[in-house]
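Visitor: Attaching a single structure in C-alpha cells format; questions to follow.
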Amino acid sequence: MPGTRFRVGLDALIGLVPGIGDLIGTALSAYIVAAAARRGLPGSVLLRMAINVGLEAVVGAVPLLGDLFDAAWKANQRNVALLRQYASVPRRAQSQSRLVVAGWLLVLLAVLAGVALLAYAVLRQETTQKRLRERGPVATGRRPPPERRRRRA
C-alpha cells in the first residue's frame with residue numbers, strides 16, 4: 001500500500017476478482033505446498049502449510065472480510081518461511097509444525113463438539129415441544145381453565 005509499510009501480495013489482489021479470484025489464488029498457493037512435497041518435507045510441515053492455504057481459502061471466500069484477511073494472513077509468505085526454516089533447522093520446523101497442527105485439530109474438535117451440542121439441544125427442545133403439543137395442556141402441569149358459567153340474572 002502506498003505510503004505505508006504494509007505490503008499486499010499478488011494473491012490478495014487476485015482474490016479481489018469475484019468468484020474465480022479465490023479459486024486461482026488457492027491453486028497458486030497449493031503449488032507451493034506441492035513443491036514442498038516434492039522436496040520431501042515431512043507430513044507435519046506439509047499439513048501446516050495446507051492449513052495455512054485452507055484457512056486463507058475458507059475465510060477468503062467471505063466477501064470483503066475475506067479479502068482483508070487474505071491481505072493480512074499471507075499464507076504464501078508463511079509457507080515459504082516454513083520451507084526456509086525446514087532447510088535451515090529441520091527438527092525445529094517439524095516440532096513447531098506438529099504443535100501448530102495439534103492446536104488446530106483441538107480447535108476443530110472443540111468447534112465440532114460445540115456444533116453437536118447445539119444441534120442436540122435444538123433437537124431435544126423441538127421434540128419436547130412437539131410432545132407437549134400432542135399431550136395438551138395437562139402435560140405442561142397447568143390445569144385447564146375452569147369453564148365459565150353464566151350467572152342467571
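Visitor: Quick test for you: out of R124, R152, pick the one residue that is modelled with pLDDT of 90 or more and among the basic types (K, R).
Guide: Details: R152 fails: modelled with pLDDT of 90 or more.
So the residue among R124, R152 that is modelled with pLDDT of 90 or more and among the basic types (K, R) is R124.
Visitor: Okay, next question. Specify which of the listed residues (Q85, Q94) is without any contact (Cβ under 8 Å) to a residue 40 or more places away in the chain and in a helix (DSSP H, G or I). Break it down into steps so the answer makes sense when it comes.
Guide: Working: Q94 fails: without any contact (Cβ under 8 Å) to a residue 40 or more places away in the chain.
Just a single option satisfies the conditions, and that option is Q85.
Visitor: Out of the residues in the stretch 1-30 meeting the condition of being under 22 Å from the mean Cα position of the chain (by Cα) and either among the polar types (S, T, N, Q) or at pLDDT 80 or above (or both), tell me which one is nearest to R78 (Cα to Cα).
Guide: Across the stretch 1-30, the extreme among qualifying residues is S29.
Visitor: Can you report the number of residues in the stretch 67-82 which are touching a residue at least 40 places away in the same chain (Cβ under 8 Å) and over 22 Å from A37 (Cα atoms)? Break it down into steps so the answer makes sense when it comes.
Guide: Our first condition is that a residue be touching a residue at least 40 places away in the same chain (Cβ under 8 Å); within the stretch 67-82, this holds for 67, 70-71, 74-77, 79-80, 82.
Now drop any that are not over 22 Å from A37 (Cα atoms), which leaves 67, 70-71.
Total meeting the criteria: 3.
Visitor: Would you please list the contacts, defined by Cβ atoms under 6 Å and residues six or more apart or on different chains, that run from a residue in the stretch 101-115 that is closer than 20 Å to V45 by Cα and in contact (Cβ under 8 Å) with a residue 12 or more places away in the chain to a residue that is assigned to a helix (DSSP H, G or I) and of a type in the set (K, R)?
Guide: Note: pairs meeting the criteria are V101/R48.
Visitor: Kindly evaluate V33 against the criterion of being out of contact with any Asp or Glu (no Cβ under 8 Å at 6 or more places or on another chain) and modelled with pLDDT of 90 or more. Walk me through how you get there before you give the answer.
Guide: On the way: out of contact with any Asp or Glu (no Cβ under 8 Å at 6 or more places or on another chain): yes; modelled with pLDDT of 90 or more: yes.
Considered against the rule, which asks whether it is out of contact with any Asp or Glu (no Cβ under 8 Å at 6 or more places or on another chain) and modelled with pLDDT of 90 or more, V33 comes out as yes.
Visitor: Scan (1) surrounded by 14 or more Cβ atoms within 10 Å (Cβ to Cβ); (2) free of Cβ contacts under 8 Å to residues at least 60 places away in the same chain; (3) of a type in the set (G, A, S) for the single condition A27 breaks and write down its number.
Guide: (1)
Visitor: Of all residues in the stretch 36-56 being free of Cβ contacts under 8 Å to residues at least 24 places away in the same chain and aliphatic (A, V, I, L, M), which is farthest from L106 (Cα to Cα)? Steps first, answer last, please.
Guide: Of all residues in the stretch 36-56, those free of Cβ contacts under 8 Å to residues at least 24 places away in the same chain come to 37-38, 40, 43, 46, 50, 54-55.
Narrowing the set further to residues that are aliphatic (A, V, I, L, M) leaves 37, 46, 50, 55.
Details: A37: 25, L46: 18, A50: 16, L55: 15 Å.
Result: A37.
Visitor: On to the next question. Among the numbered criteria (1) surrounded by 11 or more Cβ atoms within 10 Å (Cβ to Cβ); (2) of a type in the set (V, I, T); (3) at pLDDT below 90, which one does V89 miss?
Guide: Of (1) surrounded by 11 or more Cβ atoms within 10 Å (Cβ to Cβ); (2) of a type in the set (V, I, T); (3) at pLDDT below 90, only one is false for V89: (3).
Visitor: Another one. Tell me which of these V59 doesn't satisfy, since it passes every other one: (1) at pLDDT 90 or above; (2) closer than 19 Å to L105 by Cβ; (3) β-branched (V, I, T); (4) surrounded by fewer than 19 Cβ atoms within 10 Å (Cβ to Cβ).
Guide: V59 satisfies all of (1) at pLDDT 90 or above; (2) closer than 19 Å to L105 by Cβ; (3) β-branched (V, I, T); (4) surrounded by fewer than 19 Cβ atoms within 10 Å (Cβ to Cβ) except (1).
The values are calculated or read from the model by the stated rules, or taken from the named source; none is laboratory data. Remember, predicted model here, so these are calculated numbers, not experimental data. Note that we place each Cβ from the backbone using ideal geometry, even for glycine, and neighbour counts take in every protein chain shown.
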